[in-house]
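The values are calculated or read from the model by the stated rules, or taken from the named source; none is laboratory data. All values reported here derive from a predicted model rather than from experimental measurement. Positions of Cβ are backbone-derived with ideal geometry, glycine not excepted, and every protein chain shown enters the neighbour counts.
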Amino acid sequence: MNYFSCFREHYRALIRIGVPIVIGQLGIVLVGLADNIMVGRYGTPDLAAASFVNSVFNLPILFGLGFSYGLTPLVGQLFGRRDPFKIGRLLRNSLLVNGCVGVLLTLLMGILYLYVDSMGQPEELLPLIRPYFLLQLASLIFLMLFNAFKQFADGKELIKVYKPNDWNDYDVIADGNLLTLMINGRIMCRVDDRHAVDSAKSGIIALQMHQGAPMKVEFKDIRIKLPQDKKP
């Protein structure tokens with residue numbers, strides 16, 4: 001019980017962050033349910049064709065979404081440094097890279113479209129599958145470009161948690177190989193360090209300031225908490 005009480009504040013912060021995400025995911029599920037209900041009113045074959053195409057496109061869509069996630073922390077860092085030139089360059093590069101990935105995914109799924117007849121679907125569903133497949137195929141590039149803008153906006157939102165010229169709560173949670181960094185109760189970064197050879201198991205705790213524009217950094221009220229079963 002004492003082990004969990006040490007991290008009570010972090011659990012509360014995770015709940016504050018996680019609940020909106022859960023609600024957002026529930027919204028996506030409900031939208032999908034509403035789509036299925038509307039398609040199902042046309043007939044069972046229409047619902048079967050839409051479900052098949054959606055399942056096929058889940059993989060490239062999730063891959064593209066995960067690929068674009070890397071932009072968010074980079075944008076947050078640059079907004080914190082107030083470097084508009086690098087922010088603009090990062091957005092341009094992100095649009096270019098995400099666009100290229102969108103083209104690549106479109107080509108791969110286009111090749112898959114040529115073999116849709118060989119996927120074991122009933123013959124009566126193929127006339128319904130093909131047009132919907134092409135519609136989804138045409139949206140992949142635009143989806144990747146949208147992801148670039150979305151992650152850029154999310155990165156900009158991260159910096160709003162930071163209070164300039166004021167004290168900020170900075171938490172570092174080290175649980176084995178998993179490192180979680182939080183500012184004012186908001187998770188900014190999570191790292192899973194699996195480099196067993198290069199990672200140090202013991203040493204000193206240091207506070208550092210990264211290279212950049214001239215700045216002043218102060219620290220106070222530094223506290224170290226250990227789980228009850230790991231106290232020396």
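Quick notes
- Residues that are modelled with pLDDT under 85 and buried (at least 16 other Cβ atoms within 10 Å of the Cβ) within the stretch 32-60 comprise just one, 39.
- Output for the stretch 20-52, where each listed residue is among the small types (Gly, Ala, Ser) and within 29 Å of residue 127 (Cβ to Cβ): 32, 34, 40, 43, 48, 49, 50, 51
- Residues in the stretch 91-107 that are of a type in the set (A, V, I, L, M, F, W, C) and more than 17 Å from the chain's Cα centre (by Cα) were compared, and the one that is farthest from residue 139 (Cα to Cα) is 96.
- The one condition in (1) assigned to a helix (DSSP H, G or I); (2) at pLDDT below 85 that residue 164 fails to fulfil: (1)
- In the stretch 171-188, the residues that are loosely packed, with under 14 Cβ neighbours inside 10 Å, in a strand (DSSP E or B) and not acidic (Asp, Glu): 172, 174, 178
- Selection within the stretch 109-138 - surrounded by 15 or more Cβ atoms within 10 Å (Cβ to Cβ) and within 24 Å of the chain's Cα centre (by Cα): 109, 136, 137
- Residue that is within 29 Å of residue 19 (Cα to Cα), at pLDDT 80 or above and not aromatic (Phe, Trp, Tyr), where the choices are 173, 187: 173
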